[in-house]
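Trainee: Quick one: the structure is below, and I'll ask about it shortly.
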Amino acid sequence: RESPDYSFYVLGSSFIFLGLLPFSVLIILNLIIARKVRNNFISHEISESLMSLFLYSIVMAQLLSHVPRTALNIHEIYMAFISYSISISYSWLVDLSHLLLAISSSLNVVIYSA
(Lines give C-alpha, C1' and ligand atoms only; values in the text may rest on other atoms or scores of the structure.)
Protein backbone atom coordinates (compact mmCIF):
# COMPACT_ATOMS: atom_id res chain seq x y z
CA ARG A 1 0.00 0.00 0.00
CA GLU A 2 3.02 2.26 0.10
CA SER A 3 3.45 2.48 -3.69
CA PRO A 4 1.46 5.18 -5.52
CA ASP A 5 0.88 2.74 -8.40
CA TYR A 6 -0.84 0.37 -5.99
CA SER A 7 -3.10 3.08 -4.68
CA PHE A 8 -4.16 4.37 -8.07
CA TYR A 9 -4.75 1.08 -9.84
CA VAL A 10 -5.68 -1.42 -7.17
CA LEU A 11 -7.73 0.87 -4.96
CA GLY A 12 -9.32 2.62 -7.92
CA SER A 13 -10.35 -0.63 -9.58
CA SER A 14 -11.49 -2.01 -6.22
CA PHE A 15 -13.70 1.03 -5.70
CA ILE A 16 -15.23 0.71 -9.17
CA PHE A 17 -15.67 -3.07 -9.34
CA LEU A 18 -16.40 -3.81 -5.66
CA GLY A 19 -18.17 -0.63 -4.64
CA LEU A 20 -19.67 1.59 -7.31
CA LEU A 21 -20.69 -1.04 -9.86
CA PRO A 22 -22.32 -3.52 -7.41
CA PHE A 23 -24.17 -0.73 -5.56
CA SER A 24 -25.50 0.65 -8.83
CA VAL A 25 -26.58 -2.75 -10.14
CA LEU A 26 -28.18 -3.66 -6.80
CA ILE A 27 -30.21 -0.47 -6.64
CA ILE A 28 -31.26 -0.59 -10.30
CA LEU A 29 -32.30 -4.24 -10.13
CA ASN A 30 -34.13 -3.59 -6.87
CA LEU A 31 -36.16 -0.82 -8.49
CA ILE A 32 -36.96 -2.97 -11.53
CA ILE A 33 -38.03 -5.95 -9.41
CA ALA A 34 -40.08 -3.77 -7.05
CA ARG A 35 -41.93 -2.25 -10.01
CA LYS A 36 -42.69 -5.70 -11.46
CA VAL A 37 -43.83 -7.01 -8.06
CA ARG A 38 -46.11 -4.00 -7.63
CA ASN A 39 -47.65 -4.53 -11.08
CA ASN A 40 -48.15 -8.30 -10.64
CA PHE A 41 -49.58 -8.23 -7.10
CA ILE A 42 -52.19 -5.50 -7.48
CA SER A 43 -55.01 -7.75 -6.28
CA HIS A 44 -52.96 -9.29 -3.46
CA GLU A 45 -52.07 -6.25 -1.40
CA ILE A 46 -50.62 -8.20 1.55
CA SER A 47 -48.40 -10.36 -0.64
CA GLU A 48 -47.07 -7.30 -2.43
CA SER A 49 -46.18 -5.49 0.78
CA LEU A 50 -44.46 -8.56 2.24
CA MET A 51 -42.52 -9.13 -0.96
CA SER A 52 -41.46 -5.48 -1.05
CA LEU A 53 -40.38 -5.61 2.59
CA PHE A 54 -38.34 -8.74 1.89
CA LEU A 55 -36.71 -7.16 -1.15
CA TYR A 56 -35.88 -3.89 0.58
CA SER A 57 -34.50 -5.64 3.66
CA ILE A 58 -32.04 -7.58 1.52
CA VAL A 59 -30.90 -4.46 -0.31
CA MET A 60 -30.60 -2.35 2.83
CA ALA A 61 -28.63 -5.05 4.67
CA GLN A 62 -26.19 -5.26 1.77
CA LEU A 63 -25.82 -1.51 1.36
CA LEU A 64 -25.37 -0.78 5.06
CA SER A 65 -22.79 -3.51 5.52
CA HIS A 66 -20.72 -2.51 2.48
CA VAL A 67 -20.72 1.26 2.97
CA PRO A 68 -17.82 1.30 5.51
CA ARG A 69 -15.58 -0.70 3.15
CA THR A 70 -16.41 1.58 0.26
CA ALA A 71 -15.85 4.67 2.43
CA LEU A 72 -12.43 3.34 3.45
CA ASN A 73 -11.54 2.79 -0.20
CA ILE A 74 -12.60 6.34 -1.04
CA HIS A 75 -10.54 7.67 1.88
CA GLU A 76 -7.48 5.70 0.79
CA ILE A 77 -7.80 6.95 -2.79
CA TYR A 78 -8.17 10.52 -1.53
CA MET A 79 -5.10 10.17 0.69
CA ALA A 80 -3.14 8.75 -2.23
CA PHE A 81 -4.02 11.77 -4.36
CA ILE A 82 -3.02 14.39 -1.80
CA SER A 83 0.01 12.78 -0.15
CA TYR A 84 1.03 9.82 -2.37
CA SER A 85 1.11 7.58 0.68
CA ILE A 86 -1.59 5.65 2.43
CA SER A 87 -1.87 5.14 6.14
CA ILE A 88 -5.06 4.45 7.98
CA SER A 89 -4.74 5.92 11.44
CA TYR A 90 -7.98 4.35 12.55
CA SER A 91 -7.30 0.63 12.23
CA TRP A 92 -10.52 -0.12 14.10
CA LEU A 93 -12.41 1.08 10.99
CA VAL A 94 -10.89 -1.76 8.98
CA ASP A 95 -11.93 -4.22 11.70
CA LEU A 96 -15.43 -2.74 11.74
CA SER A 97 -15.61 -3.05 7.96
CA HIS A 98 -14.64 -6.72 8.13
CA LEU A 99 -17.15 -7.36 10.92
CA LEU A 100 -19.97 -5.76 8.94
CA LEU A 101 -19.12 -7.89 5.89
CA ALA A 102 -19.33 -11.03 8.06
CA ILE A 103 -22.64 -9.84 9.53
CA SER A 104 -23.91 -9.20 6.01
CA SER A 105 -23.21 -12.79 5.03
CA SER A 106 -24.97 -14.01 8.16
CA LEU A 107 -27.94 -11.75 7.54
CA ASN A 108 -28.43 -13.31 4.12
CA VAL A 109 -29.10 -16.65 5.78
CA VAL A 110 -31.54 -15.09 8.25
CA ILE A 111 -33.38 -13.07 5.59
CA TYR A 112 -33.68 -15.91 3.09
CA SER A 113 -34.87 -18.42 5.69
CA ALA A 114 -37.57 -16.09 7.04
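Trainee: Assess whether VAL94 counts as being β-branched (Val, Ile, Thr) and either modelled with pLDDT of 80 or more or open to solvent by 50 Å² or more (accessible area, probe 1.4 Å) (or both). Steps first, please.
Mentor: Values: β-branched (Val, Ile, Thr): yes; either modelled with pLDDT of 80 or more or open to solvent by 50 Å² or more (accessible area, probe 1.4 Å) (or both): no.
No: the conditions fail for VAL94.
Trainee: Do we find that VAL59 is at pLDDT 80 or above and open to solvent by less than 50 Å² (accessible area, probe 1.4 Å) in this structure?
Mentor: Working: at pLDDT 80 or above: yes; open to solvent by less than 50 Å² (accessible area, probe 1.4 Å): yes.
Against the criterion (at pLDDT 80 or above and open to solvent by less than 50 Å² (accessible area, probe 1.4 Å)), VAL59 qualifies.
Trainee: Any residue that is surrounded by 13 or more Cβ atoms within 10 Å (Cβ to Cβ), modelled with pLDDT of 75 or more and hydroxyl-bearing (Ser, Thr, Tyr) - is there at least one of those in segment 101-110?
Mentor: Yes; the residues of segment 101-110 include at least one that is surrounded by 13 or more Cβ atoms within 10 Å (Cβ to Cβ), modelled with pLDDT of 75 or more and hydroxyl-bearing (Ser, Thr, Tyr).
The values are calculated or read from the model by the stated rules, or taken from the named source; none is laboratory data. Keep in mind it's a predicted model, so treat the numbers as computed, not measured. Using ideal geometry, Cβ is built from the backbone for each residue, glycine included, and neighbour counts are taken over all protein chains shown. We work out accessible area using only protein heavy atoms, side chains counted, and drop any ligands, DNA or RNA first. Shrake-Rupley method; radii C 1.70, N 1.55, O 1.52, S 1.80 Å.
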